[in-house]
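Trainee: The structure under discussion is supplied below as structure tokens; questions concerning it will follow.
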Amino acid sequence: MKHLIIACTLGLATASAFAQDIVTINGAYRQTTEITDYSSVSNMVLSGTQNTAEQNIAANRGNVTLNSNGSQEVTIRGAAVVNQVDGSQSTAEQALASNLGTVRLSGQTTQSVNVTWGSTVFNGASGASTRAVQNISTNNSTCVSCR
């Protein structure tokens, strides 16, 4: 049996904020993703030039302000999470329970990724001048595709 459960509860954030890569959360928040029982989450670009395969799971990217306490959690149990790009001058960027870009934290944040039961987390790039960037439970101001 395959199960993919994605739950996200946020404090105050507006839909238009996400379209502009601006994330502001003023209330308590919890971002939770569970990938279980032989399921997979795949994000792939398998040919071409100057492509980006971008995968964000329980993650915020862009101009991120977290003004309260919260958590970002990913559980992968008996499942696979794959992000891959093939082709020249391409980027595979993967973020799990992470904040990427300009990140401001003023509360307590718990970020956790639990990988169990033979699970796989894979991020790869192949081809001339390609790169693979993987963020797991991180705050990263050098987000490649945020520029």
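The values are calculated or read from the model by the stated rules, or taken from the named source; none is laboratory data. All values derive from a computational prediction rather than experimental measurement. Don't worry about glycine lacking a Cβ; one is built from the backbone with ideal geometry, like all the others, and counts go over all protein chains shown.
Trainee: Which of the residues spanning the range 103-130 are under 18 Å from Val81 (Cα atoms), exposed (fewer than 14 other Cβ atoms within 10 Å of the Cβ) and either modelled with pLDDT under 90 or among the aromatic types (Phe, Trp, Tyr) (or both)?
Mentor: Trp117 - this is the single residue of the range 103-130 that is under 18 Å from Val81 (Cα atoms), exposed (fewer than 14 other Cβ atoms within 10 Å of the Cβ) and either modelled with pLDDT under 90 or among the aromatic types (Phe, Trp, Tyr) (or both).
Trainee: On to the next question. Of everything in the range 71-99 that's crowded, with 18+ Cβ neighbours inside 10 Å and on the phi > 0 side of the Ramachandran plot, which residue is modelled with the highest pLDDT? Reasoning before the result, please.
Mentor: Of all residues in the range 71-99, those crowded, with 18+ Cβ neighbours inside 10 Å come to 72-76, 79, 81-87, 90-99.
So of that shortlist, the ones also on the phi > 0 side of the Ramachandran plot come out as 87, 97.
Working: Gly87: 91, Ala97: 95.
Among them, the one singled out is Ala97.
Trainee: Scan the strands (runs of 3 or more DSSP E) fully inside the range 37-147 and keep the ones with 1 or more residues being without any contact (Cβ under 8 Å) to a residue 24 or more places away in the chain and hydroxyl-bearing (Ser, Thr, Tyr).
Mentor: By residue number, no strands (runs of 3 or more DSSP E) qualify.
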